[in-house]
Amino acid sequence: MIALLVATIVCVVANASIALADYARAGVVLKNSAEVHVPEGALPYLATLKLAGAVGLVAGLVWLPWVGVAAGIGLVLFFVGAIVAHLRARVFYNVAFPGLYLILALASAAYLVHVAIGR
């Protein structure tokens, strides 16, 4: 269970960090978004979803586990969409990044389900 807790904390930090990079329109974010055909105007909305997921995971860790479960599931869906965008655009060289975020989100959701049901 410690590994899943650590994965959840890493997921929070990773999603908050990439959300801030999205808001700042960092060069790597703009390059990747253009490659997978995501309009630059969508970045603040996508960043908000990532940041909301991170905040929801924190809420799940410290207050309401089911909020964290919902946030984890939301992040899972988000990163499945990111992987689909990479595959549709045939951008394979960096698809591992959303894959890693997906694994972290899955681990977070699993951990918070465990916490929520009291096991």
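ALA85 falls short of the stated requirement of being more than 25 Å from ALA109 (Cβ to Cβ), in contact with a His (Cβ under 9 Å, 6 or more places away or on another chain) and either buried (at least 17 other Cβ atoms within 10 Å of the Cβ) or of a type outside the set (Val, Ile, Thr) (or both).
Is one or more of the residues making up the stretch 57-80 over 16 Å from SER17 (Cα atoms), outside any helix (DSSP H, G or I) and small (Gly, Ala, Ser)? No, the stretch 57-80 contains no residue that is over 16 Å from SER17 (Cα atoms), outside any helix (DSSP H, G or I) and small (Gly, Ala, Ser).
For the structure I just gave you, tell me whether GLY56 is of a type outside the set (Phe, Trp, Tyr) and surrounded by 14 or more Cβ atoms within 10 Å (Cβ to Cβ).
Numbers: of a type outside the set (Phe, Trp, Tyr): yes; surrounded by 14 or more Cβ atoms within 10 Å (Cβ to Cβ): yes.
Yes: the conditions hold for GLY56.
Scanning the stretch 23-53 for residues that are crowded, with 18+ Cβ neighbours inside 10 Å and either of a type in the set (Gly, Ala, Ser) or not in a helix (DSSP H, G or I) (or both) returns SER33, VAL36, ALA47, GLY53. One residue alone among LEU104, LEU4 is over 12 Å from the mean Cα position of the chain (by Cα), in contact (Cβ under 8 Å) with a residue 60 or more places away in the chain and assigned to a helix (DSSP H, G or I), and that residue is LEU4. Of the residues making up the stretch 81-98, just one is in contact (Cβ under 8 Å) with a residue 40 or more places away in the chain, within 16 Å of the chain's Cα centre (by Cα) and in a loop (DSSP other than H, G, I, E, B), namely ASN94. Among the residues of the stretch 34-50, the ones that are closer than 21 Å to THR8 by Cβ and either without any contact (Cβ under 8 Å) to a residue 24 or more places away in the chain or touching a Leu at 6+ places or on another chain (Cβ under 8 Å) (or both) come to 2 in all. Look at LEU64 and say whether it is more than 17 Å from the chain's Cα centre (by Cα), more than 21 Å from VAL84 (Cα to Cα) and surrounded by 14 or more Cβ atoms within 10 Å (Cβ to Cβ). Here the answer is yes, as LEU64 does meet what is asked.
Please work out if LEU20 is under 17 Å from ALA107 (Cα atoms), in a helix (DSSP H, G or I), in contact (Cβ under 8 Å) with a residue 24 or more places away in the chain and not charged (D, E, K, R). Here the answer is no, as LEU20 does not meet what is asked.
Laboratory data are not the source of any read-out in this text; all were calculated from the coordinates shown. The shown structure was predicted, so the numbers you read here are calculated from the model rather than taken from an experiment. Heads up, the Cβs are rebuilt from the backbone with ideal geometry, glycines too, and the neighbour counts pull from every protein chain shown.
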